[in-house]
Amino acid sequence: MQNALSERARQAQPSPTLALTARAQELRQRGIDVLSFTAGEPDFDTPDFAKAGALEAIHAGYTKYTPTPGILPLREAISEKLERENKLRYAPDQIVVSCGAKHALFGVFMAILDPGDEVVIPTPCWVSYPEQARLMGAIPIFVPADETTDFLPDYDALRRAISPRTKAIVLNTPCNPTGAVFGRKQLKEIASLALTHNLWIVADEIYEHLVYDGYNHESIGALGKEVLNRTITVNGVSKSFAMTGWRIGYLGAPLEIARAVSRLQDQMTSNACTIAQYAALAALQNANGEWYATMRATYDQRRRLMVSGLNSVDGIECWTPRGAFYAFANVRQLLGRCYNGRTLESSADVAEFLLSEARVATVPGEGFCAPGYIRLSYATSEAVIEAGIQRIAEAVGKLMQAS
């Protein structure tokens with residue numbers, strides 16, 4: 001009997017972050033007190049000025065289809081934002097609005113990758129990069145980094161990863177899951193490799209406004225016109241404006257790529273939600289430094305609390321992230337230890353142990369191509385962080401004593 005599913009569907013892996021978030025929610029619904037640090041979602045409310053844009057659109061009757069790449073005022077606002085904040089010059093016809101940044105990335109990979117192409121991906125990396133590349137029949141080539149290099153890939157390792165089949169390199173700064181921020185030196189190295197080998201740079205900048213300790217976000221496409229011509233910049237309003245559920249992402253790209261993504265989107269979703277587009281337009285038009293500063297300061301305080309708390313737990317080490325809202329904790333000292341007759345052999349086992357024994361939900365590093373780590377989001381209240389750390393400390397303390 002033939003397989004009912006396509007090879008593509010059979011090889012697609014569920015997102016571990018979404019799966020664990022759903023599991024934590026399910027346990028809560030059953031009355032189990034679980035503290036979840038899994039979701040990559042701001043706990044801020046969507047700002048009123050964005051909500052107002054949606055309400056105005058509804059009352060004005062802007063509830064019909066739009067052009068596939070998005071309404072022109074939104075693409076103009078994105079173009080202006082990219083030039084003002086990122087020093088990137090993409091005309092409105094080089095902008096495509098999508099159903100979230102993940103959708104934009106999928107469209108990009110579909111537009112530039114053929115079966116057998118290779119994509120260089122520094123790791124630890126966001127869970128969807130390799131999976132989306134594989135869905136296109138492409139091959140992810142991983143370049144690992146760790147705390148000793150501030151989770152930034154080594155130039156020579158990147159260079160060695162490039163082959164005649166390499167089509168693109170993925171750059172995520174600030175990085176999910178590590179919180180690493182690429183400096184100008186690393187950006188120039190990646191740009192040099194891309195220009196030398198005629199590669200596309202897929203730059204995911206969704207966490208651009210969340211940087212700490214004096215670090216700054218820089219867009220690689222701002223290094224010069226030649227680099228911009230090889231760069232596809234992906235962003236959205238989900239993280240910067242706490243608009244995850246509105247599902248508005250966007251990309252800026254050379255015209256050929258933007259048109260290709262738009263054609264593909266014609267056959268997938270058509271336009272992103274019209275009302276959400278007007279909400280995103282209002283968000284960009286009313287964005288101000290005070291909104292970003294308040295959000296950044298709040299996350300910064302939580303970051304310090306989370307990292308110091310994790311580092312106080314015997315057996316856990318946590319590098320201080322420089323951006324985004326995740327702590328990526330090294331739990332290798334816990335591997336090989338036994339509790340209740342079970343040996344923890346992987347970070348997935350550690351995550352399962354913390355969920356069952358501490359009632360704390362985390363995401364194991366395997367999903368980020370980084371075994372031996374767990375990711376915890378500090379996009380939650382200080383009270384929840386403090387309670388979660390206490391639970392982790394108590395559970396790990398018992399583990400260390402039992403081993």
Test set (1) crowded, with 24+ Cβ neighbours inside 10 Å; (2) modelled with pLDDT under 95; (3) among the hydrophobic types (A, V, I, L, M, F, W, C) - L354 fails condition number: (2)
Of residues in the range 181-229 being aliphatic (A, V, I, L, M) and closer than 26 Å to Y299 by Cα, the one nearest to the chain's Cα centre (by Cα): I206
Top-ranked residue of the range 321-351 - restricted to ones that are hydroxyl-bearing (S, T, Y) and farther than 17 Å from F37 by Cβ, ranked as surrounded by the fewest Cβ atoms within 10 Å (Cβ to Cβ): T343
Check on Y215, in a loop (DSSP other than H, G, I, E, B) and crowded, with 20+ Cβ neighbours inside 10 Å: no
Unique residue being within 18 Å of K87 (Cβ to Cβ) and in contact with a His (Cβ under 9 Å, 6 or more places away or on another chain) when the list is V211, V227: V211
Residue, modelled with the lowest pLDDT, within the range 388-403, restricted to residues that are surrounded by fewer than 16 Cβ atoms within 10 Å (Cβ to Cβ) and farther than 22 Å from E147 by Cβ: S403
Single match in A104, A54 (criterion: crowded, with 22+ Cβ neighbours inside 10 Å and farther than 28 Å from P140 by Cα): A54
Among residues of the range 239-275, those that are of a type outside the set (S, T, N, Q), touching a Lys or Arg at 6+ places or on another chain (Cβ under 9 Å) and surrounded by fewer than 20 Cβ atoms within 10 Å (Cβ to Cβ), counted: 2
Close pairs (6 angstrom Cβ cut-off, 6 or more residues apart or separate chains): in contact (Cβ under 8 Å) with a residue 12 or more places away in the chain in the range 192-218, acidic (D, E) and buried (at least 18 other Cβ atoms within 10 Å of the Cβ) anywhere: H217/E208
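Mind checking which residues of the range 370-387 are surrounded by fewer than 19 Cβ atoms within 10 Å (Cβ to Cβ) and either closer than 30 Å to P144 by Cα or not acidic (D, E) (or both)?
Of the range 370-387, the ones surrounded by fewer than 19 Cβ atoms within 10 Å (Cβ to Cβ) are 371-372, 381-384, 386-387.
Those that are surrounded by fewer than 19 Cβ atoms within 10 Å (Cβ to Cβ) and either closer than 30 Å to P144 by Cα or not acidic (D, E) (or both): P371, G372, S381, A383, V384, A387.
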Close pairs (7 angstrom Cβ cut-off, 6 or more residues apart or separate chains): not assigned by TED's automatic domain parsing to the domain that holds Y299 and among the small types (G, A, S) in the range 159-187, surrounded by 15 or more Cβ atoms within 10 Å (Cβ to Cβ) and part of a helix (DSSP H, G or I) anywhere: A168/I112
Given (1) outside any loop (DSSP other than H, G, I, E, B); (2) at pLDDT 95 or above, number of the condition L27 does not satisfy: (2)
Residues of the range 251-275 that turn out to be in contact with a Pro (Cβ under 9 Å, 6 or more places away or on another chain) and either closer than 30 Å to E189 by Cα or among the acidic types (D, E) (or both), as a count: 3
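If I ask for residues that are polar (S, T, N, Q), within 12 Å of A402 (Cα to Cα) and not in a loop (DSSP other than H, G, I, E, B), which ones from the range 329-346 would you list?
Residues of the range 329-346 polar (S, T, N, Q): 330, 333, 340, 343, 346.
Subsequent filtering for residues that are within 12 Å of A402 (Cα to Cα) retains 340, 343.
Passing the criteria: only T343.
Taking the range 289-310 as the region of interest, how many residues are of a type in the set (D, E) and without any contact (Cβ under 8 Å) to a residue 24 or more places away in the chain?
Of the residues in that region, 1 qualify.
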Extreme residue, farthest from Y292 (Cα to Cα), among residues of the range 23-33 that are out of contact with any strand residue (DSSP E or B) (no Cβ under 6 Å at 6 or more places or on another chain) and surrounded by 14 or more Cβ atoms within 10 Å (Cβ to Cβ): L27
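On the given criteria, is I257 under 17 Å from L113 (Cα atoms) and either among the acidic types (D, E) or in a helix (DSSP H, G or I) (or both)? Give the steps one after another, and end with the answer.
On the way: under 17 Å from L113 (Cα atoms): yes; either among the acidic types (D, E) or in a helix (DSSP H, G or I) (or both): yes.
So I257 fits the description; yes.
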Only one of E76, E118 that is touching a Pro at 6+ places or on another chain (Cβ under 8 Å) and crowded, with 18+ Cβ neighbours inside 10 Å: E118
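The values are calculated or read from the model by the stated rules, or taken from the named source; none is laboratory data. What you see is a predicted model; the values in this text were computed from it and never measured. Positions of Cβ are backbone-derived with ideal geometry, glycine not excepted, and every protein chain shown enters the neighbour counts.
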